[in-house]
Amino acid sequence: MHKDSRLLRIGVLGAGPISQAGHFEAIRKARNAELYAICDAAEDLLTSMGAIHGPRTTYRDYDAMLADPQIEAVVLATADQFHVPLARKAIAAGKHVLVEKPLGVTIEECEALREQVLASGLVFQIGNNRRFDPGVAFARQFVQERLGQRLAFKAWYYDSVYRYTMTDNLQPLIQSSAQARRPSGNPKADKRRYFILTHGSHLVDTTRFLGGEIARVQARLVERFDSFCWFVAVDFVDGSVGHIDLIIPVRGDFEEGFQIYGEHGSVTGRMPLTWYHKSSTVECFSTADRQYHRPLGEDSFTYKLQIEGFADTILTGAPQRGATIDDGIAAMHAMVAIARSVETGQPVALADVRGGV
């Protein structure tokens, strides 16, 4: 496994499921990063993860990890409610930040964080790892360079009742701890809110990444037999129209995909469950040569690719490829607007919403 001569020294806060399934291995395999430290309040979990992944050091106290001058950047892999306060601490300590999606839970807290991030000059990235799927990246390049004006956009995200059977087979055995630090109450108890933040954040980011900025949404929600179905009509800033669908769960296979129709061609894409580490199947048709163009994504470990992109921006000044603080805030506006539209039954402009989902 090739490693660059200069490695970004990263500390990971949170040794829970997303770190065990994604971040720890991603950092260890990244060509330009080092898993320098792991931090978690649960001593038993910290000990076992330290033994498995071999960081140079471990911390039970976040402030102590931030005080370590050897650590250049942190990955925040904690509950959504902790994202913004923990990010603010890291920025104040002079550390670059990659925070799991969604950016936060309210628009106001995200906007306050933005002011601090911009004043710091530090790199801040949100873990919307689908942007690093080679097929999705290819589709974006085609849209920008060859599609011309967009006409219509469709995207969907259907989780499956069988998803955890698949992920249990694909991921390492996840270790848990009774000592783990959790937010007050149970955020997963309000499924409508939890699903929008957890799954809707992926769908909204893909929509913005490929379809452009969203101006307004009109959303409908049906809840039946413990399933939630959002159908959302979308008006884009560029005048194109769209539809995004979120169903959690479907009685069938996991599905995530998109269709884009434009002036000089069209794009279709189907994204596999992230944990297969396979590139999306994407076909881009161009009227210029009357050909379909299809990429081969030979390296599709998107958690690793997002770490490498993050590190490249910090170490070499490469353009940031991952979601920025502004992307995170725009996604929060979209998710809140969807929630408000469901509540009111009316179209809602993203610029008009405040608060949280």
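The table below lists the values:
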item	result
Two-site label geometry, Val161 and Gln141: point separation in nm, points 7 Å out along Cα→Cβ	4.1 nm
Peptides 179-185, 113-119 ordered by average Cβ neighbours within 10 Å, highest first	113-119, 179-185
Total formal charge among the other residues, if their Cβ is under 10 angstrom from that of Ala26, Lys/Arg +1 and Asp/Glu -1	+1
Environment charge at Ala155 (Cβ cut-off 15 Å; Lys +1, Arg +1, Asp -1, Glu -1)	-1
Listed pairs Lys3/Lys154; Lys29/Lys89; Lys29/Lys154; Lys89/Lys278; Lys188/Lys304 exceeding 29 Å between Cα atoms	Lys3/Lys154; Lys29/Lys154; Lys89/Lys278
Inter-label distance, nm, simple model (7 Å from Cα along the C-beta direction), Arg290/Glu343	5.4 nm
DSSP beta bridges in the chain [antiparallel fraction, %, rounded to 5]	60 percent
Calculated over the chain: convex hull of Cα atoms, volume per residue (Å³)	141 Å³
For region 8-129: span of alpha carbons on each principal axis (Å, largest first)	39, 26, 25
³J(HN,Hα), Karplus 6.51/-1.76/1.60, whole Hz, each residue of region 352-357, x for Gly, Pro	9, 9, 9, x, x, 5
Whole-Hz couplings from phi, Karplus 6.51/-1.76/1.60, listed for region 284-301; x for Gly and Pro	10, 9, 10, 6, 5, 10, 6, 10, 8, 10, 9, x, 10, x, 5, 10, 10, 7
Kyte-Doolittle at least 0.5, axis length at least 27 Å by Cα - qualifying DSSP helices, the chain	325-344
For Val204, net neighbour charge (Lys/Arg +1, Asp/Glu -1) across residues whose Cβ lies under 13 Å away	-1
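Read the figures in this text as sums done on the coordinates, not as results from a lab. From a predicted model like this one, the values you see are computed outputs, not experimental measurements. We place every Cβ from the backbone using ideal geometry, glycine too, and count neighbours over all the protein chains shown.
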